[in-house]
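These notes are about the structure you will find just below.
The values are calculated or read from the model by the stated rules, or taken from the named source; none is laboratory data. Owing to the predicted nature of the structure, the values given are computational and were not obtained by experimental measurement. Here Cβ is always computed from backbone atoms with ideal geometry, including for glycine, and neighbour counts include all displayed protein chains. For accessibility, only protein heavy atoms count, side chains too; no ligands or nucleic acids. Shrake-Rupley method; radii C 1.70, N 1.55, O 1.52, S 1.80 Å.
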Protein chains: 2
Amino acid sequence: MNPDLPIDAADIEAAAARIAPYVHRTPLVTSAALSELAGCDLWMKAENLQKVGAFKARGAHNAVFALSEAEAAAGVVTHSSGNHAAAVALAARNRGTTAHVVMPSNAPEVKKAAVAGYGADITLCEPTLQAREDAVADIQARTGAVLVHPYDDPLVIAGQGTTGVEILDQLDGIGQGPPGAVVVPVGGGGLLAGIAVAVKSRYPDCAVIGAEPVGADDAHRSFHSGTLVPQTAPDTIADGLLTSLGERNFAIITRLVDDILLVDDPGIIEAMELIWTRIKLVVEPSGAVGVAAVLAHRARFAGQRVVAVLTGGNVDLRKLPW
Amino acid sequence: MNPDLPIDAADIEAAAARIAPYVHRTPLVTSAALSELAGCDLWMKAENLQKVGAFKARGAHNAVFALSEAEAAAGVVTHSSGNHAAAVALAARNRGTTAHVVMPSNAPEVKKAAVAGYGADITLCEPTLQAREDAVADIQARTGAVLVHPYDDPLVIAGQGTTGVEILDQLDGIGQGPPGAVVVPVGGGGLLAGIAVAVKSRYPDCAVIGAEPVGADDAHRSFHSGTLVPQTAPDTIADGLLTSLGERNFAIITRLVDDILLVDDPGIIEAMELIWTRIKLVVEPSGAVGVAAVLAHRARFAGQRVVAVLTGGNVDLRKLPW
């Protein structure tokens with residue numbers, strides 16, 4: 001492992017111990033039907049069954065529970081409007097402190113309700129990045145709350161990396177041995193970077209592969225150019241993967257990840273529908289991107305044992321893509 | 001236990017051993033959010049994750065694998081168009097014999113495809129009960145195939161009853177002790193009768209309760225009148241529960257079941273949506289009827305440990321009720 005990376009395997013082990021009381025050890029499931037369709041031995045890590053319905057609970061709990069008593073007393077703040085916001089809200093409630101969540105005024109009511117349901121203090125702002133950052137700065141100045149970044153944070157990356165440790169432990173536990181590849185949806189890159197550290201530190205020969213929508217392909221372009229390229233004007237149904245890759249995440253991904261594969265929206269929708277109908281699990285579009293990549297790049301995985309991460313299951317049942 | 005009932009606990013134990021290689025031990029899941037909504041400690045047995053997506057795999061495998069070699073060689077026949085048909089088809093394939101499935105010509109293509117996908121020999125007939133029965137008789141006369149009834153059959157009842165044994169074993173296994181009540185959707189009554197025998201033989205004080213749509217309330221009327229009342233003109237979204245209670249099932253239910261509760265279609269849809277959004281599991285309308293009954297009759301279950309069976313997850317994603 002590279003000593004100059006933002007995190008190492010020990011950070012992930014520490015995260016696993018820290019968050020264990022607050023998060024689920026989610027099931028690792030398989031499906032004969034999907035394996036046959038994919039032409040490989042396909043397993044799925046069901047993080048849609050995680051607390052708050054997404055892997056984000058891991059990183060948020062690690063960051064919030066790593067705070068000192070004094071830091072925690074001042075509360076935490078974030079400006080995500082998605083799964084990370086709910087995760088920070090829950091982690092803060094579990095820690096017994098306040099989560100300040102800045103959300104754009106046009107965020108869906110269902111998301112506001114979810115975050116409010118975890119007891120967070122919500123601040124609405126204009127739907128611009130500047131307004132969000134101003135609101136966060138204002139809250140920090142007023143309360144001393146600590147920012148919990150959704151992905152570009154060593155503690156968040158280590159927390160998400162616990163997903164990778166569990167995958168390997170669960171396969172070991174049922175005598176399946178290491179996978180040939182682990183496929184991880186990539187947005188900001190926290191999950192992909194964390195899993196890469198976890199997997200490569202135990203099995204350097206296991207491929208760790210990012211899966212990204214063609215309509216938000218900054219990680220793909222960054223990975224192949226060697227330069228961090230920001231995402232502008234993303235256009236994909238995978239609304240959890242719109243953001244740009246973080247700097248720390250990129251540093252890890254560029255060293256440890258084997259490839260980043262692209263999938264188009266029809267492929268994402270098809271994978272989502274297969275997961276719903278064949279495995280009876282509700283996944284959001286972003287959560288199906290790993291399986292979509294395996295199906296779209298069959299030759300790459302032929303005959304291998306492959307694990308795709310189902311990252312989340314929070315979807316508006318009245319706005320389904322079929 | 002009553003020695004004159006169609007099955008006893010030993011039949012269920014035998015079924016469990018017989019079907020173990022072919023069916024899943026499905027998860028028993030809980031949800032803090034649903035428990036809070038229901039005002040009780042609510043657990044759910046996820047038979048939507050069962051083979052073929054429904055508990056029907058249990059009874060079908062028990063019936064098909066209980067056949068002698070000579071009987072099995074002649075094949076099996078059924079005229080269900082729903083989950084039981086797929087279950088019989090899979091069981092026959094696992095046994096290495098032929099399943100003849102009589103389906104009405106107007107059955108949805110997706111259901112025909114599912115049954116065909118398990119390798120069954122499909123015979124289409126006019127959509128009347130007479131035409132179905134004639135087609136079955138014709139197949140039996142021609143092939144000697146054994147009829148596997150969807151519910152009014154001791155082997156099928158015993159197979160479905162293995163669900164009850166697993167629920168009790170799973171609660172024991174995590175130190176939760178017996179439930180106060182087990183709530184089971186009722187159509188033909190195979191699952192309810194089988195679970196009643198399993199549960200009452202171990203915990204006579206645990207309530208076993210049927211849950212039925214108001215639009216197909218023959219079990220409720222039969223139970224309360226003491227006379228088997230056939231279902232005519234059912235009208236409910238729970239399309240797996242339209243059938244009349246079987247005679248053997250009624251004999252068990254009238255002796256062992258504590259009550260049958262009714263739920264209306266809006267309650268079924270609400271429960272279904274809660275299961276999809278909060279637990280991220282795809283259940284069909286019939287599969288949500290147990291949870292719907294717990295929510296609709298809160299006072300009945302207040303503060304108790306309650307297990308509702310999620311019976312199946314086969315639903316047309318393009319015809320959702322919201």
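Things to note:
- Residue pairs meeting the criteria (Cβ under 9 Å; at least 6 apart or on separate chains; first surrounded by fewer than 24 Cβ atoms within 10 Å (Cβ to Cβ), in the range B:267-288; second among the acidic types (Asp, Glu) and outside any helix (DSSP H, G or I)): none
- Boolean, A:ILE139 is without any contact (Cβ under 8 Å) to a residue 40 or more places away in the chain, in contact with a strand residue (DSSP E or B) (Cβ under 6 Å, 6 or more places away or on another chain) and of a type outside the set (Gly, Ala, Ser): no
- Set side by side, the residues A:VAL115, A:VAL88, A:VAL110 differ, and just one is β-branched (Val, Ile, Thr), under 30 Å from A:ILE275 (Cα atoms), in a helix (DSSP H, G or I) and open to solvent by 20 Å² or more (accessible area, probe 1.4 Å), which is A:VAL110.
- The set of residues in the range A:294-322 being open to solvent by less than 40 Å² (accessible area, probe 1.4 Å) and under 16 Å from the mean Cα position of the chain (by Cα) consists of A:VAL307, A:ALA308, A:VAL309, A:LEU310, A:THR311, A:GLY312, A:GLY313, A:VAL315.
- Some residue of the range B:152-172 being among the small types (Gly, Ala, Ser) and not in a helix (DSSP H, G or I): no
- The single condition among (1) touching a strand residue (DSSP E or B) at 6+ places or on another chain (Cβ under 9 Å); (2) at pLDDT below 95 that B:THR98 does not satisfy is (2).
- Residues satisfying the stated conditions in the range A:218-243, i.e. in contact (Cβ under 8 Å) with a residue 24 or more places away in the chain and open to solvent by 30 Å² or more (accessible area, probe 1.4 Å): A:HIS220, A:PHE223, A:HIS224, A:GLY226, A:ILE237, A:ASP239, A:GLY240, A:LEU242, A:THR243
- Filtered by the rule that a residue be away from every other protein chain (no Cβ under 14 Å) and more than 17 Å from B:ALA238 (Cβ to Cβ), the range B:278-322 gives B:ARG298, B:ALA299, B:ARG300, B:PHE301, B:ALA302, B:GLY303, B:GLN304, B:ARG305, B:VAL306, B:VAL307.
- Enumerated strands (runs of 3 or more DSSP E) restricted to the range B:15-85, each holding at least 1 residues that are open to solvent by less than 40 Å² (accessible area, probe 1.4 Å), modelled with pLDDT of 95 or more and away from every other protein chain (no Cβ under 14 Å): B:41-46, B:76-78
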